[in-house]
Amino acid sequence: MSMKPPLSDLPIKTAAGGFYRGFSVNVTVVSKIIISLLVVWCIFWPVQAGNVLGNWNSVILANFASWYIWIVAAFVIVCVGLAIWPTAGRMNLGAEGEKPEFSNFSWFSMMFGAGIGVGMLTWAVAEPVAHFGSNPETIQGLTTGGAADNVRSAYKWSFLHWGFGAWACYAICGLSLAFFSYRRGLPLTIRSSLTPIFGKSLSGVVGHIIDIVAVVATILGVAQTLGFGVEQFVAGLTRIGIGGLMQADGGATSLGIVVALLVIMGASTLSALSGVGKGIKWLSNINMVLSIILLGFFIIFGATWFGATAMFVGLWDYVLALPQLSFNVWRSDGVEGSEAFLLAQWQGWWPVFYWAWWIAFAPFVGLFLARISRGRTIREFVLGAMIVPALMCFVWFAWAGGTAIDLELNGDANGVIFDAANGDKIFAMTEFMLAPIAQALAWLMALLIVVLLMTFLVTSADSAVLIVNTINAAGDEGPKARPHIMFWGAALALVVGGLLISGGTSAIQTAMVIGALPFSIVMAMMCISLVKAIYNDGKRDAAGVPSVTVTPAE
């Protein structure tokens, strides 16, 4: 049977005029209704919303924990396989010979800033500290929480959650979108990545459902990031002298939440209106420079040797344990307090939560990665999008978190860092390090972290707004109507605010775990679709049938 050229035309009906001109009304309106209902429910019935979301979360963790663990393992395997598969690795995500639009520095900066950078300021210190206190090894009695023999275990688990699995989720989504959009000329939207499975039927209801699921997952995934970021931003504002924004227990007050969201979402909406090539690119470059300054401070003036040891020993332990960690699922025996119960509970709190977070974040980061990666080969994309950012995360965890652990282990900090709220730990640590030298230096470092945090949050939020509008506009990357950009900026702020009010960050976490489940199924189909398309393109090339249907970008 002769090979046919690939499908290169997927018409998606958009409005020809009116308020929704250029947008898919089916996708846009339904997505807005779902998000609006969630906002109204959480703001006006917060107690009921918190209880219902909590019950749904329990059901998902009880029945789908293994699905989340195994599907992320599959994403890692597919990414590695595509990178080493000769037919796939050399394929260009664009026309033959096309070169990338952005330099490597800008590419890495935008990828790291939008993908995971904001999490570093909270979790690079907080997570190693948390696992240093408790992890599966301490539950099983193999190590002692808070003791020196638990440092390696703390880093193994920290690296697992922010390592190759996280970036494999983004890489699968981004690679699928870039492949079908920049080689096939299909719309830059989620449904296009499933054309080898569903074909032209994606122009209709099936395609609309897939894009709606992606929009909802994106809003909830980004809301999770902003929720953590808002609380840390408020902690930072308090550290630099703005009072009345923090509660006694370390949480943000309602006023603090409102102030933080107004600043972050106002700036992000303005940046989104300027587009990827201007506001987002420059903010990402600023992020990277400030990140290097802060990280350099920890490497030079923090626990330099302790951090280096944590980096290389932790990476060694992580890579060796990765096959077992990627597939292991702990089952609860239903006996509260038993070892099996505690292990299953811990896995739900940490790995399952993280895998759901990265999956919910994947349509946003994936589409953004695709947008900035045209002209790169599949091998270059996988190595750049999965390996390099993961190593950057490891560096942050090793020296920022390592400094915190070292200061507490040797008794100098005496609980100052460990006792601080998660979002406040990095501020508590830098103040402890600098205040004895000069209080002004401690204040300046807190200010730098606040500025860096704000630019990371703004980059994530404005990227999300642009990505949501791109999906709603049937993959159109061009300028979007200002009212729609402002709507999604406001919607994102209200989702974060509503969920924080109804149950704090745990409510956002619950909503995100629920929203990620249907998109995880879409991502599983993406893997099948991408491998099938690459295999068929290899056969087309061998038969002399064109497999690339686009011309080089101008």
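The values are calculated or read from the model by the stated rules, or taken from the named source; none is laboratory data. This structure is a prediction, so every number in the text was calculated from the model and none was measured. In this analysis, Cβ positions are derived from the backbone assuming ideal geometry, glycine residues included, and neighbour counts consider all displayed protein chains. With ligands, DNA and RNA removed, areas are computed over all heavy atoms of the protein, side chains included. Shrake-Rupley method; radii C 1.70, N 1.55, O 1.52, S 1.80 Å.
Our summary gives the chain a relative contact order of 35 percent, counting only alpha carbon pairs under 8 angstrom and 6 or more residues apart. In the chain, the DSSP-assigned H stretches of four residues or longer account for a calculated mean residue ellipticity at 222 nm of -23500 deg cm²/dmol, using -39500 (n - 2.57) per stretch and the full residue count as denominator.
Which of the three applies to the stretch 316-438, rounded, prolate or oblate, going by the alpha-carbon gyration tensor with a ≥ b ≥ c and a/c under 1.5 meaning rounded?
Verdict is oblate for the stretch 316-438.
In loop segments of the stretch 1-85 as defined by DSSP, the chymotrypsin sites (Phe, Trp or Tyr not before Pro) with at most 15 further C-beta atoms inside 10 Å of their C-beta are Phe19.
Tell me whether the stretch 1-136 comes out rounded, prolate or oblate; compute the Cα gyration tensor, take square roots of the eigenvalues as a ≥ b ≥ c, and use a/c under 1.5 as the rounded threshold. Cα axes put the stretch 1-136 in the oblate bin. Please report the spacing between the Cα centers of the stretch 1-20 and the stretch 301-343 in Å, no decimals. Here the two parts' Cα centres lie 46 Å apart. Looking at the stretch 58-117, the accessible area is 41 square angstrom per residue; that uses a 1.4 Å probe and ignores ligands, DNA and RNA. Spatially, the stretch 83-113 and the stretch 49-64 are offset by 39 Å when compared through their Cα centroids. When you count the other C-beta atoms within 10 angstrom of each residue and take the mean per peptide, 511-517, 80-86 line up highest first as 511-517, 80-86.
Helix screen, the chain: DSSP H segments with Cα axial length of 27 Å or more and mean Kyte-Doolittle hydropathy at least 0.5 are 25-44, 46-84, 205-239, 254-274, 281-301, 304-327, 353-372, 439-472, 482-543. Tell me, how many Å apart are the Cα centres for the stretch 417-465 and for the stretch 196-215? Spelled out, the Cα-based centre of one part sits 42 Å from the other. Length gained on full extension, Trp56 to Ala147, computed as 0.36 nm times the residue gap minus the Cα-Cα distance: 29.1 nm.
D for the chain, whole µm²/s, Stokes-Einstein with Kirkwood Rh over alpha-carbon pairs at 37 °C and 0.692 mPa s: what number? Calculated translational D: 138 µm²/s.
The residues of the stretch 395-530 expose, per residue, 30 Å² of accessible area to a 1.4 Å probe. Sorting the segments 220-231, 178-189 by their mean number of nearby beta carbons within 10 angstrom, highest to lowest, gives 220-231, 178-189.
Remark on Thr377: its backbone amide H falls under 5 Å from those of Leu93, a criterion applied only to residues 5 or more positions apart or on other chains, H modelled at 1.01 Å from N. Note on Thr551 and Ile501: the model spin-label points, each 7 Å out from Cα along the C-beta direction, lie 5.3 nm apart.
Relative protection proxy for 311-323, 99-111, from highest mean packing down: 99-111, 311-323 (other beta-carbon atoms within 10 angstrom). Pairs with C-alpha atoms separated by more than 23 Å, drawn from the list Lys13/Lys200; Lys99/Lys532; Lys99/Lys200; Lys156/Lys532, are Lys99/Lys532; Lys99/Lys200; Lys156/Lys532. Charged side chains reduced to their Cβ positions (Lys and Arg at +1, Asp and Glu at -1) give the chain a dipole of some 2000 debye around its Cα centre.
Quantify, in whole percent, the carbon and sulfur part of the accessible surface of the chain (1.4 Å probe; protein heavy atoms only). In the chain, the share of accessible area belonging to carbon and sulfur is 67 percent.
Taking a ≥ b ≥ c as the square roots of the eigenvalues of the alpha carbon gyration tensor, the stretch 13-75 is oblate, as a/c is not under 1.5 and a/b does not beat b/c.
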